[in-house]
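Quick notes on the structure that follows.
Computed from the coordinates by the stated procedures, all read-outs in this text should not be read as laboratory data. Being a predicted model, the structure only gives us computed values, none of them experimental. Cβ coordinates were reconstructed from backbone atoms using ideal geometry, including for glycine residues, and neighbour counts include every protein chain displayed.
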Amino acid sequence: MQTDIDIDALERILAARQSCRAFRPGPVPDEVIARIVRAAGRAPSWCNAQPWQVLVTRGEETARFREALLAEVANGTPAPDLPWPEGYPGAYGARRRECGLQLYEAVGIAREDRAARAEQRMENFRLFGAPHVAIVHSEAALGPYGAMDTGGFVTAFMLAATALGVGSIAQASVAAYAPFIRAHFALPERRLILCAIPFGWPDPEHPANSFRTTRAALDEVCDLRG
C-alpha cells in the first residue's frame, strides 16, 4: 500500500539529485554499482523490451577511455547516432542559458571570457574527473521508442545513484562521438550510443557543484483538463 512516506522519499531523492561536475578520486565499490544498475533496471519499457544496456568502466579502463576520447575530440568529427536538436526556442533556450551562466558564475568564469568557457566545456570530455563512466546504449531496431525507454533507465540510474550517495551526470556531448565509442569498446553496430554517465563520490567542496538549476512551475508543464 502506497503512503505519503513513499512520495516524500521520492521527492527528497529527486530534489537531492544534481548534475555532478566534480568527483573525489576513490572508486565506487562493485556492489554499489550493481545495486544502482539493478534498481535502474526496474524502469518501465514498451512491452517490457528493456532495450538498454550499460557498459561501466573503472580504474585504468576509465583513464584509457578518457585519454582516447580527448584525442578523438581534438582530431575527429562529431557523429551522433541521434540528431541534435534543431534549436532551443523560447523557454527551452532560456533554461539552457540559465544553466550555463550558473555554471560559469560558480567556477568564476566571466561571461565574456570565451577561452575559459571553452576550457570548461572540455571538462565534459575529461568526464569531470569521474572514476567511472557508464556508456548507455540501446537496440537500433527499436528506434526512437527504444531510445525513449532507455531514457527512463538513465533517470532511474541517476536517482538510484543519488539514493546511495553517488554523484552522476548524463552527457549527450560524449555520445556525439558514437562511432568512436563503439570501436573503442567493441560494441556492435546495431547499438545506438545514447549518452555517457560519469559517476563517483561527489566532491561537495568543488564550486562546480555549488549551484542548483531551477524547475518550471506546474502550470508551465501540466495542462489539466476536465
- prompt: What are the ³J(HN,Hα) values, in whole Hz, obtained from phi via the Karplus relation 6.51 cos²θ - 1.76 cosθ + 1.60 with θ = phi - 60°, for each residue of the range 74-81 in sequence order, with x given for Gly and Pro?
  reply: 5, 10, x, 10, x, 8, x, 6
- request: For the chain, with a Gaussian network of springs between Cα atoms less than 10 Å apart, report the residue from GLU61, GLU205, GLU86 with the top mean-square fluctuation.
  value: GLU86
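Give me the net charge of SER168's neighbourhood, meaning all other residues with Cβ under 11 Å from the Cβ of SER168; Lys, Arg count +1, Asp, Glu -1. Intermediate values should be presented prior to the final figure.
On the way: positive: ARG17, ARG21; negative: none.
That works out to +2.
Note down the relative contact order for the chain as a percent, whole number, built from C-alpha pairs under 8 angstrom at least six residues apart. Could the numbers behind the result be given before it?
Values: 310 pairs, mean separation 84.0, N = 226.
RCO, the chain: 37 percent.
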- prompt: Along its principal axes, what span do the Cα atoms of the range 1-81 show, with the longest given first and each in whole Å?
  reply: 55, 35, 24
query: How many angstrom lie between the C-alpha centres of the range 3-43 and the range 210-226?
result: 22
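What order, most packed first, do the peptides 216-222, 140-146, 91-97 have when packing is the mean number of other Cβ atoms within 10 Å of each residue?
Working: 216-222: 8.4, 140-146: 14.1, 91-97: 11.6.
Output ranking for 216-222, 140-146, 91-97: 140-146, 91-97, 216-222.
What's the extension gain from ARG58 to VAL32 if we count 0.36 nm per residue and subtract their Cα-Cα distance? Intermediate results must be reported in sequence, preceding the final value.
Values: separation 26, 0.36 × 26 = 9.36 nm, distance 1.28 nm.
My answer for the length gained is 8.1 nm.
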- prompt: What do the square roots of 5 times the Cα gyration tensor eigenvalues come to for the range 64-202, in whole Å, largest first, as semi-axes of the equivalent ellipsoid?
  reply: 24, 18, 18
message: Can you list residues from other chains, or at least 5 along the same chain, whose modelled amide H is less than 5 Å from the amide H of PHE23?
response: ASP203
- prompt: If you take the alpha carbon radius of gyration of the range 51-121 and divide it by 2.2 N^0.38 Å, what ratio comes out, to two decimals?
  reply: 1.47
- prompt: Mind checking Rg over Rh on the range 35-89, alpha carbons, Kirkwood formula for Rh?
  reply: 1.09
C-alpha center-to-center spacing [the range 44-82, the range 132-152] in angstrom: 11
query: Mind listing the Cα extents of the range 154-209 along all three principal axes, in Å, largest one first?
result: 39, 23, 15
query: Where does the charge balance sit around THR57 when Lys and Arg score +1, Asp and Glu -1, over other residues with C-beta under 10 Å from its C-beta?
result: +1
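For a Förster distance of 35 Å, can you work out the FRET efficiency between the beta-carbons of CYS47 and ALA71, rounded to the nearest 0.05?
Working: r = 40 Å, r/R0 = 1.15.
Here the calculated transfer efficiency is 0.30.
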- prompt: Residue by residue through the range 183-189, which ³J(HN,Hα) values in whole Hz follow from phi under the Karplus form 6.51 cos²θ - 1.76 cosθ + 1.60 (θ = phi - 60°), with glycine and proline marked x?
  reply: 5, 4, 9, 6, 8, x, 4
field: Residue with peak Gaussian network fluctuation, the chain [Cα springs, cutoff 10 Å], from ALA161, ALA22, ALA186
entry: ALA186
